[in-house]
Structures are given as structure tokens and as C-alpha cells.
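Worksheet: the structure to be examined is printed underneath.
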Amino acid sequence: MKSYKPKFEFNTSPKGGKSLRIIPLGGVGDVTKNMFAYEYGDDIVIIDCGVSFPDSEMRGVDLVIPDINYLRDKKQKVKAILITHGHDDHYGALPYIWPELNVPIYSQRLTCGLIAHKFEEHQLDKRAIKELKITDTLTLGVFKVSFYQVSHSVPDSTGIVLETPVGTIIHQSDFKVDWTPVNGQKTDVGRVAELGSKGVLLLAIDCLRSDRPGYTLSEKQIEPNFAKIEEQTKGKLLLTLITSNITRIQQALNVAIKAGRKVSLVGRSMENNFQVARELGYLHVPPGLIIAQEEIKRFAPEKLMIIISGAFGQPGSALSRVANGEHKFVQLSKNDTVLVSADPMPSTEEAQGILIDNLSRFGCEVYYSASDASLHVSGHASAEELKLMINLARPKFLMPIGGGFKHIRAFSRMCKDLGYKENEMITLTEVSPIELSVDRYKILPPIPSQNIYVDGLGVGDVGSIVLRDREHMSEEGIVVVVVPIDGSTGKFSGEPDLISRGFVFGDEANDLLDGAKEIVKSLFLDHRGGRLDIRYVRNEIENHLQRFFYEETKRRPLILTVIMED
């Protein structure tokens, strides 16, 4: 029997012509790792270049970045990378991908500042970063590019307009329609309406909250809610949020100023983003407000606000260390308050839940958005805002981006209510290029694509975690640490056991593993009882043993920790 591959092609008229190709290099059915390539003839323009963060199964992985294999034999066609805004899931992969492409990077002022900081860390050439004003236009091969302002949870967020030979494309990444934004940056609905009156072929638009009815609340409501909690706090106020949410950091500073509290920034990403935003004038910080971590103990707790990174419970983050009693400068007491002003991403819900449990064990008040919705508002548009943008743009075709598959389905249902037919909506379930002409589109067969893992300085160099681990074990050996724990108390229910293969042998092995066993035991001495943060414990065991084994043998075996709860 003759086999065939189905082709998806939808026409709105019998006309034809040359087509534009759209390649979703990252972010298909995924909130993160956003990266889209627009290709026409010999010209390619890339929009966004973001990372994803590993889930609990991706052991040893720091970041996940898009697969750019499609571009490798087309690098000479790539004219530029355009970045919509300063969130890691839209620009964080640049230090790993840009060196291979080596093209100009264009964005707005704050975003350029955040990118430049990452380039400094990676010792890359910052001259590739080109700062634009919102009114600037670019000509990149056949593409004429312009921008318009939108509201989001980080300043200088934009929509991008591509005027192409087949028609006008609007690429509207993360946004919401906030009429009272804290930073004054409203979504330019007038520009969208102007584009719609001239004709828009395709609107690619953020669909993350398409399943939420109504409107997303204004960011402006956050400050008075922070102030209420501050007034009730007798000790230190710890506030954690997404570190690039500059407008929310400003609202926290405003509360601290009015209450007479000093502010300390804790956590590397928090300090870095704060410094960039401050230097560029996006934060109002009176002299004497900020103190160093080392000065925290010099001030009475009721005179302190600590803005700290680690809102998602990431192992090793500043707040995770505080929650486990391991931070050098920040310790909690029952008079303190912790305010978690960030909803977890799908892969971090469990970790944030354990973080909140561990913080609560100190007897302090812990507020979080799942229990109090007033502590966090989304930066993404809900259904009514999406309908507004669609009705203003009046595109021939729609493509939902930046959401999971459930959001894509909700978006499709919503658009049908607006009168759009199924063949006027481009919905992808795989990394498939799209061919778009003036009157039709075609979804091509999927292209080979995989997650590219970043582990330290390595970028996709072993293809998968399994291969990396096999290589590591062949060179350095493996130590398996089995730790029996009473799930109700968090205490040992038996002796920890260490099993070594391919690492050390004989009498030397017995002495070394006995010493390692004592280190494992010592890590549990200060545990006060109750539920353990398993991810944090694994991280601590592996970090301490890595240092111990290297000091003793100058070798780094792969360490696998198995927590067995009774």
C-alpha cells in the first residue's frame, strides 16, 4: 500500500504567490524557550531567544535552550535577532546561541541593559547589542521592522511589526492591557488599530491566559496590599518575586520608604537585575535606602525589608537556603513575615509548595498568591484583552504563541466566538514550519528538534543527560548515596549507605566512604523535624560530597542521592 504524509493547507482565495516561512524554533506548546524565525528568500529575522528551566527529572541540567539546527546551513541569511522584552524565557539563550549566529541584536533600553549584563558574564562582545527607541524602524533585507509599546511585568516590553512581501505580520509576545500601569507604559492600542485599518495578514499573539475570562488586574493594586502586610509585620519583611519584575520591586521600595525600613537585596539574580535597572533609571532609590547583606544584623528586624530571589523554590537559591536554615546573613524568627509574590510555573509548583512549608516551620507568617490572590497579578492578557487586540488588528490569520496546549485550545474556542473559522487559525502541536502567502497557509512536516541542555559551560555537547552521565561515570566513577528517612519527622530511620563503582577500591575506599557517611549525617543534625525539602537535601548532599571527594582524591565521581521515605 502506498503510504503518504498528510499536508495541511488552508486557502481563503484561489490566488497564489511567493510565501513567507515561519519556523517556531522554541516554545511550541510551551510557556518558555520562545524563539521564532521568519524567512523569506535569502533573508531571516529571528524574534526572541529564550531559555526554559529544567524540571526535577533533568538532573545536572542548568538551562534548556532552543535547537537551532534548522539555521545552521542558513546562518548567512540571518539578518538580526529582535527581542520583545527582558524576561529570561525570551532572551536568556542569547549567550549560548548568539556566538554561533553573530548577528546584531535589537531591543529597547532596559532589555538591552539586561542582555549586556549577561554578555559581560559570558565575556561576549556587547557591540552586537543595538538599543532602539520605540519609534525607530529597521530594514532587514526584505523585512521592514517597527515596534509599539505594551504593558507587561517588565518595562520596555514591545509588540513587533514585520512588513513582508506577503503582508503585515504582528508578533505580539507577552502583554496585557493595563490602563493604570505603575511605570506609565500602556499598551498602544491606537497603533494596533492603525495597523488593522491598513490590513494585517497574521497576528501571532500571547495566549497564556486565554482560558481566564475577563481582564487581568492592574499591577497598580500590588503596592497597597504590600503596605497592609508590612504594617502587620513586627519583625523582618522578606519579599520574593520574579527578579526581572522591576515595577513590582519599585512598589516594594515605595512601601519600605514610607515605613522607614532599610532594604537589602539578597540573591545574585536579584542584585544583578536591580543594579541594571537602577543604573538605567528604571528604579527610584533614595540615598541610604539600600544596605549590604553583611549589614543586616546591624539593624533591628522591624526596620528591615529583604527583597530576595528564589520565589519558585529553586534548589540552591537564596530563599531556599533561608528556608533550610543555611543562609549566612538571613535567619528567620517567628515575628518575621515572608511574602511570596509570584505564581509558580507548571514545573515549579511542587518546589514552591515545599518552600512555603519549610518557611512556615519557623513560626513566621507566610503569604503567597495561592492563598491570597491580591499578592500577585499576571503580566499576561486575559480573554477580554485578547479579544480587544484581535478586533483592533483584524488579521486574516491568527496564531497563538507563548502558552501550553490547553491555552491554545482555549484560544481557538475563543476565536470561534469572534467569528474566525478553524482554517483561519494556525495551531501547532509540533515544531513544524508554516508557509504563509497573501491568501493561504500550509503547515509543513515537522523538522528534527530536541531540547538542548546547558550544563555549566557545556551546551548540548553530549546530546542528552544519559550520555553525559555515562561519560562522567566512565571517567570518574559513581557514588550512590541511599538515605533512609522517616517521612513524618524528617529524621534518619536507619544508617545512610554509600555504594561506589569505578571510583575507589580497597582499604582506601572504606575510609573514604566512612568519612563521606559522616558528612551526610552531619547535614541532618540541625533539622528541626517535619517535612523535608527533598530537592534541597539532594542538592546539599551532592555539593558537600563533591567537594569532599575532590579534596581527598582530585576526582569528581557522579553522585546520585536516593532519599527513601518510610
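Read-outs throughout are calculated quantities, based only on the coordinates presented, and are distinct from any laboratory measurement. Since the model is a prediction, treat every value here as computed from it, not as a measurement. When we count neighbours, we look across all protein chains shown, and the Cβ atoms used for this are built from the backbone with ideal geometry, even at glycine.
Could you give the nm distance between label points at ASP497 and ARG413, where each point is 7 Å from its Cα heading toward the beta carbon?
About 5.0 nm, to one decimal.
Between rounded, prolate and oblate, where does the range 355-458 land on the alpha carbon gyration tensor, with a ≥ b ≥ c its root eigenvalues, rounded for a/c under 1.5, else prolate if a/b exceeds b/c? Numbers along the way, then the final one.
Details: a/c = 3.58, a/b = 1.55, b/c = 2.31.
Taking the square roots of the gyration eigenvalues as a ≥ b ≥ c, the range 355-458 is oblate.
Pick out, in residue order, every one of the trypsin sites (Lys or Arg not before Pro) in the range 256-364 that is DSSP loop and has at most 14 other C-beta atoms within 10 Å; say none if there are none. Can you show the working numbers first?
Details: sites: LYS258, ARG261, LYS262, ARG268, ARG278, LYS297, ARG298, LYS303, ARG321, LYS328, LYS334, ARG361; in loops: ARG261, LYS328, LYS334, ARG361.
Within the range 256-364, the qualifying trypsin sites (Lys or Arg not before Pro) (loop, at most 14 other Cβ atoms within 10 Å) are LYS328, LYS334.
Which lysines, on any chain, are close to LYS236 with Cα under 20 Å apart, when same-chain ones fewer than 8 places away are left out?
Partners within reach: LYS228, LYS258, LYS262, LYS297, LYS303, LYS328, LYS334.
Can you give me the C-alpha center-to-center distance between the range 74-128 and the range 333-384, rounded to a whole angstrom?
Going from one Cα centre to the other spans 32 Å.
With 29 Å as the limit, write out which pairs from LYS33/LYS491; LYS33/LYS396; LYS18/LYS79; LYS75/LYS126 have Cα-Cα distances beyond it, or answer none. Don't skip to the end; give the middle numbers.
Details: LYS33/LYS491 39 Å; LYS33/LYS396 27 Å; LYS18/LYS79 20 Å; LYS75/LYS126 20 Å.
Correct reply: LYS33/LYS491.
Going by a ≥ b ≥ c, the root eigenvalues of the Cα gyration tensor, does the range 86-131 fall in the rounded group (a/c under 1.5), the prolate group (a/b larger than b/c) or the oblate group?
Working: a/c = 1.35, a/b = 1.20, b/c = 1.12.
The shape class here is rounded.
Hey, rough spin-label estimate for ILE447 and MET564, points 7 angstrom out along Cα→Cβ, what's it come to in nanometres?
Distance between label points: 4.8 nm.
What share of the DSSP beta bridges in the chain is antiparallel, in percent to the nearest 5? If you can, show how the numbers build up before the last one.
Working: 48 of 96 bridges.
Counting only bridges with both partners in the chain, antiparallel ones make up about 50 percent.
Apply the Karplus parameterisation 6.51 cos²θ - 1.76 cosθ + 1.60, with θ equal to phi minus 60°, to every residue of the range 225-238 and state each ³J(HN,Hα) to the nearest whole Hz, in sequence, with x for glycine and proline.
So the Karplus estimates, Gly and Pro as x, are 6, 4, 4, 4, 5, 4, 4, 8, 8, 8, x, 5, 10, 9 Hz.
Give me the net charge for the shell around ILE83: Cβ to Cβ below 13 angstrom, other residues only, Lys and Arg +1, Asp and Glu -1. Walk me through the numbers on the way to the answer.
Numbers: positive: ARG109, LYS118, LYS130; negative: ASP48, ASP88, ASP89, GLU131, ASP156, ASP174.
Charge balance near ILE83 sits at -3.
Using Cα positions and a limit of under 20 Å, work out the aspartates and glutamates in reach of LYS416, with same-chain residues fewer than 8 apart set aside.
Within the straight-line limit of under 20 Å, LYS416 reaches these aspartates and glutamates: GLU9, ASP206, ASP211, GLU384, GLU385, GLU424, ASP439.
Averaged over every viewing direction, what's the projected area of the C-alpha convex hull for the chain? Give it in nm², one decimal, please. Could the numbers behind the result be given before it?
Working: hull surface 119.7 nm².
The orientation-averaged projected area of the Cα hull of the chain comes to 29.9 nm².
Compute the length gained on full extension between SER371 and LYS198: take 0.36 nm times their separation in residues and subtract their Cα-Cα distance, giving the result in nm to one decimal.
On the way: separation 173, 0.36 × 173 = 62.28 nm, distance 4.61 nm.
Full extension of this stretch gives 57.7 nm more.
If the limit is 24 Å between Cα atoms, which of LYS198/LYS387; LYS176/LYS234; LYS220/LYS406 go over it?
Correct reply: LYS176/LYS234; LYS220/LYS406.
Return the aspartates and glutamates within reach of LYS517: Cα separation strictly under 13 angstrom, same-chain partners fewer than 8 residues apart disregarded; answer none if there are no such residues.
GLU495, ASP497, GLU542
Per the Kirkwood definition applied to all pairs of different Cα atoms, how many angstroms is the hydrodynamic radius of the range 401-454?
Numbers: mean 1/r = 0.0769 Å⁻¹.
Kirkwood hydrodynamic radius for the range 401-454: 13.0 Å.
Given the -39500 (n - 2.57) contribution per DSSP H run of 4+ residues, what per-residue ellipticity at 222 nm results for the chain, rounded to the nearest 500 deg cm²/dmol? Walk me through the numbers before you get to the answer.
Working: 14 runs with 163 residues, N = 566.
It lands at -9000 deg cm²/dmol.
Tally Lys/Arg at +1 and Asp/Glu at -1 over every other residue whose Cβ is under 11 Å from the Cβ of GLN331; what's the total? Mind dumping the intermediate values first?
Values: positive: LYS236, LYS297, ARG321, LYS328; negative: GLU326, ASP336.
Neighbour charge sum, excluding GLN331 itself: +2.
Which of the three applies to the range 219-375, rounded, prolate or oblate, going by the alpha-carbon gyration tensor with a ≥ b ≥ c and a/c under 1.5 meaning rounded? Spell out each step's value before the answer.
Numbers: a/c = 1.30, a/b = 1.19, b/c = 1.10.
Rounded shape, in that the Cα axes give a/c under 1.5.
Stretched out fully, how many nm does the piece from GLN546 to LYS258 gain, at 0.36 nm a residue minus the Cα gap?
Working: separation 288, 0.36 × 288 = 103.68 nm, distance 4.63 nm.
My answer for the length gained is 99.1 nm.
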